[in-house]
Amino acid sequence: MIDKKDPIVKQRATINPYIHGAALIVRRLLWDIRPESWRSRQKIRSWKDKYKGQKAVIVCNGPSLLKSDLSLLDDVFTFGLNKINLLFDKSDFRPSCVVAVNPFVIEQNENFFNTTNIPLFLDSVGIKHIKSRKNIIFLPSAHLPRFARDCSISINQGATVTYAALQLAFYMGFKEVALIGADHNFAVKGPANKTVVSGDKDESHFDPNYFAGGVKWQLPDLFQSEVSYMMAKQVYEAFDRKVVNATEGGCLEIFPKISLDEFVAEK
């Protein structure tokens with residue numbers, strides 16, 4: 001039986017570039033006329049090549065994150081993702097910044113985002129829930145299959161917030177980037193990008209309350225995530241940089257594997 005709520009079924013049967021292009025232009029104009037769009041663009045330019053030649057770690061949110069020795073990251077710039085703050089009552093670790101682009105995540109985590117002093121990089125849709133402050137940069141997303149080496153205009157979400165973080169890391173000038181907690185495997189299965197209601201416990205993230213208690217979230221698009229990861233890998237390598245995977249286990253095979261302590265120790 002056809003599921004009419006399946007995002008694949010709900011897509012238009014035809015591909016009309018005029019409708020798609022007009023929608024993109026209107027959505028972007030509505031953002032660009034806001035004063036916050038100009039403030040955010042000015043703020044993000046101060047991050048360009050700020051850490052040129054250095055190392056960074058992107059702290060993803062899979063269950064394996066609890067196996068990583070986060071004390072190794074004391075002197076390393078780190079990108080926390082989405083609801084990384086749920087880790088704070090279990091660890092002294094605090095990320096150098098936090099990236100979130102999914103509207104459900106931003107809305108559900110608005111209390112933290114509205115009170116923290118940690119630098120935040122949030123999708124521009126988040127302005128509905130998050131008050132503009134000095135530590136917040138709102139990023140408009142362009143739904144094009146590209147890797148934004150310059151994030152001052154737009155970024156591409158690439159079906160995973162990790163891809164957004166990889167673009168920001170490149171923009172900031174990092175030469176080597178490692179992923180941890182990137183399990184690339186979810187306990188809940190179903191059509192990619194389908195909006196579902198969570199159960200009582202989340203087994204797909206490092207905290208059982210990550211998506212739990214009846215909140216909405218979107219099922220992962222692992223295939224599109226891999227396409228995005230491959231684009232990131234190619235761009236980094238083309239500019240003599242690299243991305244490695246320091247996750248404890250997991251199913252992500254696109255980036256070369258390395259232990260976190262080895263990555264941190266390498267000169």
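Quick note: the coordinates plus some simple rules give every number you see, no bench work behind them. This one's a predicted model, so the numbers in the text were calculated from it and none came from an experiment. Every residue, glycine among them, receives a Cβ derived from its backbone with ideal geometry; neighbour counts consider all protein chains shown.
Computed from the Cα positions only, the extents of segment 86-177 along the three principal axes stand at 35, 31, 24 Å, in decreasing order.
Counting only DSSP beta bridges with both residues in segment 162-267, the antiparallel share comes to about 40 percent.
The mean sequence distance of close C-alpha pairs (under 8 Å, at least 6 residues apart), as a share of the length of segment 1-122, puts its relative contact order at 15 percent.
The modelled label-to-label distance for the pair residue 142/residue 185, using points 7 Å beyond Cα in the direction of Cβ, is 3.6 nm.
For an R0 of 30 angstrom, estimate the FRET efficiency from the Cβ-Cβ distance between residue 254 and residue 209 and round to the nearest 0.05.
0.50
If you average the sequence gap of Cα pairs under 8 Å that are 6 or more apart and divide by the length of segment 32-96, what percent do you get for the contact order? Write down the numbers at each step before the final one.
Details: 39 pairs, mean separation 19.0, N = 65.
It comes to 29 percent, rounded to a whole number.
Taken along the Cα-to-beta-carbon direction at a fixed 7 Å, the label points for residue 18 and residue 66 span 5.5 nm. For residue 36, put the label point 7 Å out on the Cα→Cβ axis and report which residues of segment 126-143 keep their amide N under 18 Å from it. Backbone N within reach: 126-142. Taking the three principal axes of the alpha carbon atoms in segment 1-62, the coordinate ranges are 52, 37, 18 Å, sorted in descending order.
Placing pseudo-labels 7 Å out from each Cα toward the beta carbon at residue 222 and residue 75 gives an inter-label distance of 3.8 nm.
With the cut-off at 18 Å, tell me which of the pairs 90/128; 52/242; 83/216 have Cα atoms farther apart than that.
Details: 90/128 30 Å; 52/242 13 Å; 83/216 14 Å.
Correct reply: 90/128.
Can you give the relative contact order of segment 50-145 as a percent, counting alpha carbon pairs under 8 Å and 6+ residues apart? Show your work: numbers first, answer last.
Working: 122 pairs, mean separation 18.7, N = 96.
Dividing the mean separation by the residue count of segment 50-145 yields 20 percent.
Any idea which of 24, 185, 56 is furthest toward the positive side of the dipole for the chain, if Lys and Arg beta-carbons carry +1 and Asp and Glu beta-carbons -1? Ranked along the dipole, the leading option is 24. Could you compute how fast segment 131-267 diffuses translationally, taking Rh as the Kirkwood radius over C-alpha pairs and applying Stokes-Einstein at 37 °C with viscosity 0.692 mPa s? Give it in µm² per second. It comes out at roughly 200 µm²/s.
For the chain, give me the percentage of DSSP beta bridges that are antiparallel, rounded to the nearest 5 percent. Mind dumping the intermediate values first?
On the way: 3 of 28 bridges.
Among the beta bridges of the chain, antiparallel pairing accounts for roughly 10 percent.
Over the chain, with a Gaussian network built from C-alpha contacts below 10 Å, which listed residue (100, 212, 164) shows the highest mean-square fluctuation? Residue with maximal mean-square fluctuation among 100, 212, 164: 212. Volume per residue for the chain equals 136 cubic angstrom (convex hull of Cα atoms).
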